[in-house]
1. Identify, by number, the condition in (1) more than 17 Å from residue 314 (Cβ to Cβ); (2) open to solvent by less than 20 Å² (accessible area, probe 1.4 Å); (3) touching an Asp or Glu at 6+ places or on another chain (Cβ under 8 Å); (4) not basic (Lys, Arg) that residue 394 doesn't meet.
2. Mind checking which residues of segment 181-207 are open to solvent by less than 40 Å² (accessible area, probe 1.4 Å) and acidic (Asp, Glu)?
3. For the structure I just gave you, tell me whether residue 519 is modelled with pLDDT of 95 or more, surrounded by 15 or more Cβ atoms within 10 Å (Cβ to Cβ) and in contact with a Cys (Cβ under 9 Å, 6 or more places away or on another chain).
4. Return the residues of segment 234-243 that are open to solvent by less than 50 Å² (accessible area, probe 1.4 Å), out of contact with any strand residue (DSSP E or B) (no Cβ under 8 Å at 6 or more places or on another chain) and not polar (S, T, N, Q); say none if nothing qualifies.
5. Just to be sure, is residue 114 open to solvent by 10 Å² or more (accessible area, probe 1.4 Å) and without any contact (Cβ under 8 Å) to a residue 60 or more places away in the chain?
6. Could you tell me which numbered condition residue 143 fails, if it satisfies all but one of (1) surrounded by 21 or more Cβ atoms within 10 Å (Cβ to Cβ); (2) out of contact with any strand residue (DSSP E or B) (no Cβ under 6 Å at 6 or more places or on another chain)?
7. Return the total of residues in segment 127-171 being part of a helix (DSSP H, G or I) and not charged (D, E, K, R).
8. Give the number of residues within segment 29-56 that are assigned to a loop (DSSP other than H, G, I, E, B) and at positive phi.
Amino acid sequence: MAGLRLGPLLRYADGSSATVWIEAGRPCAAEVRCADGSGGTTRTFQVAGHHYALIPVTGLTPGTATPYEVFLDGTRAWPPDDSPFPPSAIRTPAGDDDVRVAFGSCRWAAPPSGEHDPVGPDALDSLAARIAADPEGERPDVLLLLGDQVYADETSDATRRRIAGRRDLTEPPGSEVADYEEYTWLYDESWRDPEVRWLLSTVPSCMIFDDHDVIDDWNTSASWVADMRATDWWRERVLSGLMSYWVYQHLGNLSPAALAADPLYAAVRDTPDGTDLVRDFACRADTEPAGVRWSYRRDFGRVRLLMVDTRAARVLAEDGRAMLDAGEAHWLREQALDTPGSYDHLLVGTSLPWLLPHLVHDAEGWNAALCRGERGARWARFGEKVRRAADLEHWAAFPDSFTALTRLLAEVGTGPQAPASVLVLSGDVHHAYVAEPRWPGDVPDARVLQLTCSPVHNSIPLSIRAGFRFGWSALARALGRGFRRHGRSPRPPVGWRKTGGPWFGNQLMTLTLRGRSAWLRLHQARADGALVLVEESELTSG
């Protein structure tokens, strides 16, 4: 009998359809049956000895909440008979509903129940507990996970023990994951947590990778890539990371129409074993990133979400560094400017913040100038060492891309058909804050903000707290100006100020969007399991 190894994850949901992702123990027919008679079925596909399905659900009624069950070869596999949680349900929006978007990043897998958690309470566990306690109460319409869903380079004690059972930890990559099979263990550990498993079964999710999904500082520079490719373990690691991301995260980001038009997905489903097809795709994604798009668009009524790949789409040549290659930059511009006036809020999901504390921004611009040779070869070598040691790789480290994004956001937000808000949603930096740009001259009509929220579940060392608090200070700004002068870097094309934070803790931000109004709330997880409101503000009044 087929068993449910992992999932279900409710991924896409609109007014009449949804997709549900599962991993089964063997090949089977996977089916979703909803209480109202809607549902869908599909056969599993195989990658590297594992069996998956993305089940299309059709016939849903807008504005309803429909409990569902998962069947494998006709036998019910979800929910478990002893489940302590309410039924998993698919909620379909009606046209005039509020849209609630919860987001965060950087979630290290929580230890098994009862064991000590070295990084504190998990914000997703706390969100699950709150929703389970009041199933009819307020909940997110979508959960945006903005990177570092798994940590391939920082494994838990349990995963290290599993790795040690199959290979020598004294050989590279040591206790880090090495191949696809070990990646599956990371997803098992992260998504099998009972509270998180139930949460992801009943709240739709959108995901994008960041560096730790593959390795810290992934694609920092051309010399970094060359150094990694010179090792005998990197190729298997990066291909396995991209393969597993495609299976576990990327497919569920796509709408049913996008899935139907995806030639790789069709080919994998039509063959008994899709391993070679997915591996070949991952190889192209690594060596020819301009030919692969991980970014995607989702529309929630009059809210447009653009999730942007800021890792694999980079151009790393020092004389032409760009956060996004030409095709990706064109796609972002095209999607942001598509049908002006058709949306009230634009959300740009980018794992790496656009606006940083001023000192960090100026240090990254200075470092980029050194690395491209502005101060000569010796300074360039020094700059590369600093770039890797200090993780100087955000939008500010790609000055031309920072300028292009800044201009695009202003263009989108200006004019009679401008949306009420243009909001950049980010994570990565292990604290939360709100920053507001200040343009010279004409000011956009929309409210433009950087909203950063991290981590969902990870450590926040004292050095990070002190460093980021200092980074916003007046003294830090003066120090940053010194960096700019030494690097012969121009002033940024926009100024900005911090209007909220910094906040430190395991946390989630939630946007509530109603018409042209927008509200922001920040909740932090507490040791007793509660999700406590620490900030609430109106962003636009409509």
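The values are calculated or read from the model by the stated rules, or taken from the named source; none is laboratory data. Not measured: the values here are computed from a predicted model. Here the Cβ positions follow ideal geometry from the backbone for every residue, glycine too, while neighbour counts run over all protein chains shown. When the accessible area is computed, the model is the full protein with side chains, heavy atoms only, and any ligands, DNA or RNA have been set aside. Shrake-Rupley method; radii C 1.70, N 1.55, O 1.52, S 1.80 Å.
1. In the conditions (1) more than 17 Å from residue 314 (Cβ to Cβ); (2) open to solvent by less than 20 Å² (accessible area, probe 1.4 Å); (3) touching an Asp or Glu at 6+ places or on another chain (Cβ under 8 Å); (4) not basic (Lys, Arg), residue 394 misses (1) alone.
2. 182, 188, 193, listed by residue number.
3. Details: modelled with pLDDT of 95 or more: yes; surrounded by 15 or more Cβ atoms within 10 Å (Cβ to Cβ): yes; in contact with a Cys (Cβ under 9 Å, 6 or more places away or on another chain): no.
Against the criterion (modelled with pLDDT of 95 or more, surrounded by 15 or more Cβ atoms within 10 Å (Cβ to Cβ) and in contact with a Cys (Cβ under 9 Å, 6 or more places away or on another chain)), residue 519 does not qualify.
4. Our first condition is that a residue be open to solvent by less than 50 Å² (accessible area, probe 1.4 Å); within segment 234-243, this holds for 234, 237-243.
Narrowing further to those that are out of contact with any strand residue (DSSP E or B) (no Cβ under 8 Å at 6 or more places or on another chain): 234, 237-242.
234, 237, 238, 239, 241, 242, listed by residue number.
5. On the way: open to solvent by 10 Å² or more (accessible area, probe 1.4 Å): yes; without any contact (Cβ under 8 Å) to a residue 60 or more places away in the chain: yes.
It is true that residue 114 is open to solvent by 10 Å² or more (accessible area, probe 1.4 Å) and without any contact (Cβ under 8 Å) to a residue 60 or more places away in the chain.
6. Here residue 143 meets the rest and fails (2).
7. At the first step, the residues of segment 127-171 found to be part of a helix (DSSP H, G or I) are 127-133, 157-164.
The next check asks that each one be not charged (D, E, K, R); those that pass are 127-129, 131-133, 158-159, 163-164.
The number of residues fulfilling the criteria is 10.
8. Initially, segment 29-56 is screened for residues assigned to a loop (DSSP other than H, G, I, E, B), giving 35-38, 44, 48-49.
From what's left, at positive phi: 37, 48-49.
Here the count works out to 3.
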